[in-house]
1. Could you tell me which trypsin sites (Lys or Arg not before Pro) in the range C:282-360 are loop residues by DSSP with no more than 16 other beta carbons within 10 angstrom of their beta carbon?
2. Could you tell me the largest-minus-smallest coordinate of the C-alpha atoms of the protein assembly as shown on each of the three principal axes, in descending order and whole angstroms?
3. For chain B, what is the calculated [θ] at 222 nm in deg cm²/dmol (nearest 500), taking -39500 (n - 2.57) for each run of four or more DSSP H residues and dividing by its residue count?
4. Given the C-alpha centroids of the range A:43-94 and the range C:317-369, what is the distance between them in whole angstrom?
5. Got a sec? How would C:49, C:283, B:64, C:351 order by Cβ neighbour count within 10 Å, fewest to most?
6. Where the only charges are on Cβ atoms (+1 Lys, Arg; -1 Asp, Glu), what is the dipole of the protein assembly as shown about its Cα centre, to the nearest 20 debye?
7. Calculate how many DSSP beta bridges within the protein assembly as shown are antiparallel, expressed in % of all such bridges and rounded to the nearest 5.
8. What average count of beta carbons from other chains do you get within 10 Å of the Cβ of residues in A:32-38?
Amino acid sequence: MRAKDVLAALEEALADRLRDSEIRTRTVGVRSPRTIEEVWGRIDREVLLKAVQTLKDLGPLHISIISGRDLGEEIELLYHFTVGFGTEDGEVLVTLRLSVPKSDLVVPSLCGILPGAQTTEREKIEFLGVKFEGIPDSRHLFLPEDMEVHPWRVDEPELQGLVKRKVKWEERDGE
Amino acid sequence: MKLSSFKRALWVFHVPTGSCNGCDIEIVAALTPRYDIERFGIRLVGTPRHADVLLVTGAVTRPMAERLRRIYEQTPDPKAVVVVGSCGSTSGVFYESYNIVGPVDEIIPVDVYVPGCPPRPEAIIDGVVKAVAKLEKLEAGEPA
Amino acid sequence: MENRTFEIPIGPVHPALKEQIRFTFQVEGERIVGVDIKPGFAHRGIEFMGMHRNLIQVLYLAERICGICSISHPIALIQAVENAAGIEVPPRAQYIRVIVAELERIHSHLLWAGVAAHELGFDTLLHLTWKVREKVLDILEELTGNRVNYAIPIYGGVRRDISPEQYPRVREMIRYYRGLFEELCDRFLNDASVEARTRDVGVLEPEEAEELCAVGPTARASGLRKDVRQDWPYLVYGDLGVKAITPEDYGLETRGDVYDRIVVRLLEVGQSLSIIERCLEEMPEGEITSIPKIPALLAQLKKAEGEGIGRHEAPRGEVIHYVRLEAGVEAPVVWKVKAPTYSNLLSWYPMFEDQEIADIPIVTASIDPCICCLDRVHIVRGRSEQVMWKEELLKLSWEKTRKIVMGNG
Ligand code: SF4
């Protein structure tokens, strides 16, 4: 699998719902240098499932992780997939970026297409407060069930109260 | 203190409270043939109710604090607590997080600190032996 | 008679993952009919802490995500940061990173093999494997100065060179393990009781492994040829021609059970030995870091703007770090870490289905979440609560082995 094939398939399926797409390459190796390729692009959440289905049709699909960031008014989610493992140098890293406004923090869940996405989606629920439509299990995973704050949000005043600033021996040092 | 003064075999319970595993594997390494802590009669047991010494590792996460306290209470007296590793002793690299309430000595009383990240198995054995000294004093009715 | 389902919670004292874990099993008699998994007891908020510190401090934090994978996370992190900031790495440093990473794989797989033997009640084998494991720890200590948490990689290179006097010692270690390899395989793979306890236990079908996005030896033992070193050759792995290993390479038909996971891990120890040997031969002379001065490095990182991804095949599978840097900010504005067990968490569900209670320890250990796992079990029967400790659970497992051995005569 090559990055240009992945990008072409995404472009065909999503047309203008795919923006800022690019292929980033990197040269690795010393004796026989080769390039490894990454596909990056921004999509709308309406076409997320379609995009993932397109990737899945291309070859074995693996979701590594969803990373996210609080941008103030909106939350940016980055879906990191890999397509086509199993052959030497044959895997393409695909990152799809999408933004969701805080007023309507809902994203379709990938679990129907890719059940392996559940762990990382549950993590985003607790850390960023995103809702996933259609996720089979939305309980907290890493944080205690009764913890309501979302640690990666910037608008969480209570979070600071939970953070322990000093341990006792440091205070003793200052004496 | 001489090793011949050991009065009895010492049973140890290991409690990880949010460690990175580095200390935990070194504790297990202390049991295996090269270090062989069992030749002193020291062995790991599966429940605190049988233990004389608690080996605590990790910076104590929020959900583990309560459990650590409970495990401490379940351990019969006289008992000694050994903290293995820098992050259990002082928080180490794990400071300023929403989920860390340690170090260990803010949750339960600690007798011996073994610094190092992780400490070598020899140091862990040394820490346990120091705890023995305390236990024997306690049993003899002396202040520890 | 109506079947009654009981619940057994296990945990949460379990240092395996970034997080500690609790299992709640539903059992009918001895059969497991359902399981619920709750990690998070060792959640230290590492990513949160990292997003409030400078990148050099983050490196030390990354090392302490897991003491067993203590070079895997730094390797992924530095690649992500090097991509984001456009830092070059000298060739020699790339080889040194690979050598230390493969040494770590050897120590981790041997550690796992010992733990697996212990869960089966085969403590002789535990002590044997951990005894031979000390050799690789000696070499790690010799090369890096510490047995665990090596602090070798730094952005732009590595912090210590391997000197010519050290080469023969590393080669001696390779010979030592080669000499032991057959015996080790024989002890594990040709032992009737090991086979009886692990064959067709905790099966993960290839389709399940693919759908649930399993990684590392767990995926490979189910027949998926999935290995970051092969699929996405980073550092110098492309030059070394690493191939993913499945049980077929040992002349076995892949069944995706615990036995296959033992096979894959043992073969990977052999593979790592060959990789290290080749690295020692091919490693060019030269610089080991492109920015030796830490203040200069920090200044450059502070100026950097961009994002990057780093991946590494840790002993347990794929590690991936995503980093976003902004100019003028010392801390990464986003740092996302994925540890391999995170991906393998879901594979536990199909593995546990229809197993016996006595198989819990070995199935849990089989994805290699790490050492001392189950700490205590509560068996709730009707209203009365009975506490079952790790020891008793292990005893159940050991008794099962004994019965099998006696049964075989
Ligand atoms: S002291 Fe260091 S090695 Fe030990 S658990 Fe803490 S961070 Fe890990």
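1. On the way: sites: C:293, C:302, C:303, C:311, C:316, C:324, C:336, C:338; in loops: C:293, C:316.
Within the range C:282-360, the qualifying trypsin sites (Lys or Arg not before Pro) (loop, at most 16 other Cβ atoms within 10 Å) are C:293.
2. In descending order, the Cα extents are 79, 70, 59 Å.
3. That calculation yields -10000 deg cm²/dmol at 222 nm.
4. What the calculation gives is 18 Å, centre to centre.
5. Details: C:49 23, C:283 20, B:64 29, C:351 26.
Placing the least packed residue first, the sequence is C:283, C:49, C:351, B:64.
6. Values: 90 positive and 113 negative charges, 321 e Å.
With only Lys, Arg, Asp and Glu charged at Cβ, the dipole is about 1540 debye.
7. Values: 68 of 92 bridges.
For the protein assembly as shown, the DSSP antiparallel bridge percentage is about 75.
8. Details: counts 5, 3, 3, 0, 6, 1, 4.
Across the residues of A:32-38, the mean count of other-chain Cβ atoms within 10 Å is 3.
Values in this text are rule-based calculations from the coordinates and carry no lab data. Small disclaimer: the values here were computed from a predicted structure and weren't measured. Note: ideal-geometry Cβ built from the backbone for every residue, glycine included; neighbour counts use all protein chains shown.
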